[in-house]
């Protein structure tokens, strides 16, 4: 076999290999671009609403909000500054503290009542006091935890109440959470079936 016939046999293989590499590179680029695009567009913020008006569920109704502020276009923002993401009064300057239950549910094995709370204001210290009663209000379970500061809000350190402590209560359970720091205070209430 001569060198020219050997080169003619390898030339189609070389072109095939180059074509395969180009197709692989294009497919990888497309998949990576699609993954990054989906990852950026699927960051939804959970919004939790108080379940005190609903007596059908054991935890607050969770909704998601896909609203996003579009900072890529400056048509509504001619000065080029990023718009404020919070449109309203500064909660830190309010006279009273406010917040929401972010979790009010029983553990999957049913042995623990799990309660989590976010406080809308930044607080460096304080306390949260939970009172659990039945509809009559005669039987009580009380717990207290410290306030934990976060970046711009605060939380109660969390309440994990053994269901054995709740066995003498009839359902629905009334949850009243009072929190205070310095001269400010606030109260949250909800019902748990």
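Descriptive notes on the structure:
- Filtered by the rule that a residue be surrounded by 12 or more Cβ atoms within 10 Å (Cβ to Cβ) and either out of contact with any helix residue (DSSP H, G or I) (no Cβ under 7 Å at 6 or more places or on another chain) or outside the structural domain of residue 101 (by TED's automatic domain parsing) (or both), region 128-145 gives 128, 129, 130, 131, 133, 134, 135, 139, 140, 143, 144, 145.
- For region 13-44, a residue qualifies if it is loosely packed, with under 10 Cβ neighbours inside 10 Å and at pLDDT below 80, and the qualifying residues are 38, 39, 40, 42, 43.
- Taking the conditions (1) within 29 Å of residue 89 (Cβ to Cβ); (2) modelled with pLDDT under 90 in turn, residue 177 satisfies each one other than (2).
- Residue match in region 153-160 (condition: assigned to a loop (DSSP other than H, G, I, E, B), over 23 Å from the mean Cα position of the chain (by Cα) and either at pLDDT below 95 or buried (at least 16 other Cβ atoms within 10 Å of the Cβ) (or both)): no
- Filter result for residue 53 (modelled with pLDDT of 90 or more, exposed (fewer than 11 other Cβ atoms within 10 Å of the Cβ) and over 19 Å from the mean Cα position of the chain (by Cα)): no
- Against the list (1) part of a helix (DSSP H, G or I); (2) touching a strand residue (DSSP E or B) at 6+ places or on another chain (Cβ under 6 Å), the condition residue 92 fails is (2).
- The set of residues in region 119-156 that are touching a strand residue (DSSP E or B) at 6+ places or on another chain (Cβ under 6 Å) and on the phi > 0 side of the Ramachandran plot contains only 126.
- Only listed residue being at pLDDT 85 or above, farther than 20 Å from residue 151 by Cα and in the same structural domain as residue 143 (by TED's automatic domain parsing), chosen from 115, 97: 115
The values are calculated or read from the model by the stated rules, or taken from the named source; none is laboratory data. The model shown is predicted, which means the values in this text are computed figures rather than measured ones. So basically every Cβ, Gly included, is an ideal-geometry build from the backbone, and we count neighbours across all protein chains shown.
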